[in-house]
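The values are calculated or read from the model by the stated rules, or taken from the named source; none is laboratory data. Computed from a predicted model, the values in this text were never measured in an experiment. Counting neighbours? That spans all protein chains shown, and the Cβs are built from the backbone with ideal geometry, glycine included.
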Amino acid sequence: MSVMEIRSAADSRLRAMPKVELHCHVEGTARASTVAELATRHGVPLGVDDPDDLYTYGSLADFLNAFGVVCSAFVEPADFHRLAYEAAEDAAAAGTRYREMFFSPGFHLDRGVPFHVMWEGLASGVADGETDHGVRTRLILDVDKPKGIGPAMALLEVARTLDRDLLIGIGGDSTERGLDHHIFEPLIAEAKNLGLKTCFHCGEDGPAENIEIMVEAGVDRIDHGTRLLDLPDLARRVIDAQIPLTSCPSSNVEIGIVESLESHPFDEQRVAGALVTLNSDDPAFFRFDLADEYERIAAVFGYDHEAMVSIRDNAIDASWLDDTDKAALRAEFAG
């Protein structure tokens, strides 16, 4: 099924529906035009004549390489402000009202960009994006798993000093292959000691056993979790505990995790009773937003509008808002 066919079959109300998103990387929202402008300003080579060419890949490795190149265009606080502000502007166009968004310091620290530079810019961009576009955003510090536990714990030390109204959690992203996820158990434990929520990318390009390790470690959410149903006992545990999954079906197709939306386990997970949510992951990189994802999934699995509202409400339940804020959001969305 082509994208045009999917969109034409979708309920037109889905774009206007107020939404919550729990799995989106701020660097993955970077507009190609912004990347090109900033790269030229800072004399940063992108390796392509057209920045749009960066946003084409056939594997997670290709994607991570492009992700790193795009990150190189962001150097000054104003650059990170623009990144976060434009992320809010684009999110508003997709109906997003509340977002818990990752940022990945490792990609910037490797290039010599000080932590305070990115944090200052992101914090001000998030604030201005909420004021101007009505998108309330909270941040999750994502560690780069292949770097290991040492750099991850060092970033957690930095997190101790940050505004806890803005920084609400610690996550872990990048590839799973060849990584023993047990090494991140101290990170999860210490983050929880600090009162931070925790999540981890797992069961995406790696096996369901990685999900099991992180569930045992006590994470609050599983990012992706595509392989969950491969282990029935684990699936039952996750479903019974209603540990949320932040699913990104179209992203999984784009980087070759699954062959098609039709073959994605989102519907099976939902039917099984999992608390599964829909998310865009890296909308600029994949050239679609959260509203597009809602439209695609509704069309592929034949969900009616009521079902999509239920999926949206899963994201409210899975968010790290307190019960009062969740109730307020439900009331606002129902109004």
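Select from the stretch 25-72 the residues that are outside any helix (DSSP H, G or I), out of contact with any helix residue (DSSP H, G or I) (no Cβ under 7 Å at 6 or more places or on another chain) and closer than 22 Å to residue 253 by Cβ and list them in ascending order.
25, 56, 58, 59
Which of the following residues is in a helix (DSSP H, G or I) and within 20 Å of the chain's Cα centre (by Cα): 317, 325?
Just one listed residue meets the conditions, 317.
Could you identify the single residue in 102, 74, 107 that is surrounded by 22 or more Cβ atoms within 10 Å (Cβ to Cβ), under 17 Å from the mean Cα position of the chain (by Cα), among the aromatic types (Phe, Trp, Tyr) and more than 18 Å from residue 165 (Cβ to Cβ)?
Result: 107 is the single residue among 102, 74, 107 that is surrounded by 22 or more Cβ atoms within 10 Å (Cβ to Cβ), under 17 Å from the mean Cα position of the chain (by Cα), among the aromatic types (Phe, Trp, Tyr) and more than 18 Å from residue 165 (Cβ to Cβ).
Can you spot a residue in the stretch 235-246 that is buried (at least 19 other Cβ atoms within 10 Å of the Cβ), under 21 Å from residue 12 (Cα atoms), modelled with pLDDT of 95 or more and touching a helix residue (DSSP H, G or I) at 6+ places or on another chain (Cβ under 8 Å)?
No, the stretch 235-246 contains no residue that is buried (at least 19 other Cβ atoms within 10 Å of the Cβ), under 21 Å from residue 12 (Cα atoms), modelled with pLDDT of 95 or more and touching a helix residue (DSSP H, G or I) at 6+ places or on another chain (Cβ under 8 Å).
Which residues, counting only those in the stretch 160-182, are within 28 Å of residue 85 (Cβ to Cβ), surrounded by fewer than 18 Cβ atoms within 10 Å (Cβ to Cβ) and not β-branched (Val, Ile, Thr)?
Scanning the stretch 160-182 gives 160, 162, 163, 164, 165, 166.
Would you point out which residue out of 207, 232 is out of contact with any strand residue (DSSP E or B) (no Cβ under 6 Å at 6 or more places or on another chain) and either β-branched (Val, Ile, Thr) or within 16 Å of residue 176 (Cα to Cα) (or both)?
Just a single option satisfies the conditions, and that option is 207.
Tally up the residues in the stretch 256-285 that are surrounded by fewer than 24 Cβ atoms within 10 Å (Cβ to Cβ), in contact with a strand residue (DSSP E or B) (Cβ under 9 Å, 6 or more places away or on another chain) and under 21 Å from residue 27 (Cβ atoms), please.
1
Does residue 134 fit the bill of being within 20 Å of the chain's Cα centre (by Cα), buried (at least 23 other Cβ atoms within 10 Å of the Cβ), modelled with pLDDT of 95 or more and of a type in the set (Gly, Ala, Ser)?
Criteria not met by residue 134.
Tell me, yes or no, whether the stretch 170-185 has at least one residue that is at pLDDT 95 or above and closer than 16 Å to residue 320 by Cα.
Yes, the stretch 170-185 contains a residue that is at pLDDT 95 or above and closer than 16 Å to residue 320 by Cα.
Going by the conditions given, is residue 82 within 27 Å of residue 157 (Cα to Cα), basic (Lys, Arg) and assigned to a helix (DSSP H, G or I)?
Yes.
Report, by residue number, each residue of the stretch 290-332 that is touching a residue at least 40 places away in the same chain (Cβ under 8 Å), out of contact with any strand residue (DSSP E or B) (no Cβ under 8 Å at 6 or more places or on another chain) and of a type outside the set (Val, Ile, Thr).
Scanning the stretch 290-332 gives 292, 295, 296, 298, 299, 304, 305, 308, 317.
Please work out if residue 274 is under 20 Å from residue 240 (Cα atoms), assigned to a loop (DSSP other than H, G, I, E, B), of a type in the set (A, V, I, L, M, F, W, C) and modelled with pLDDT of 95 or more.
yes
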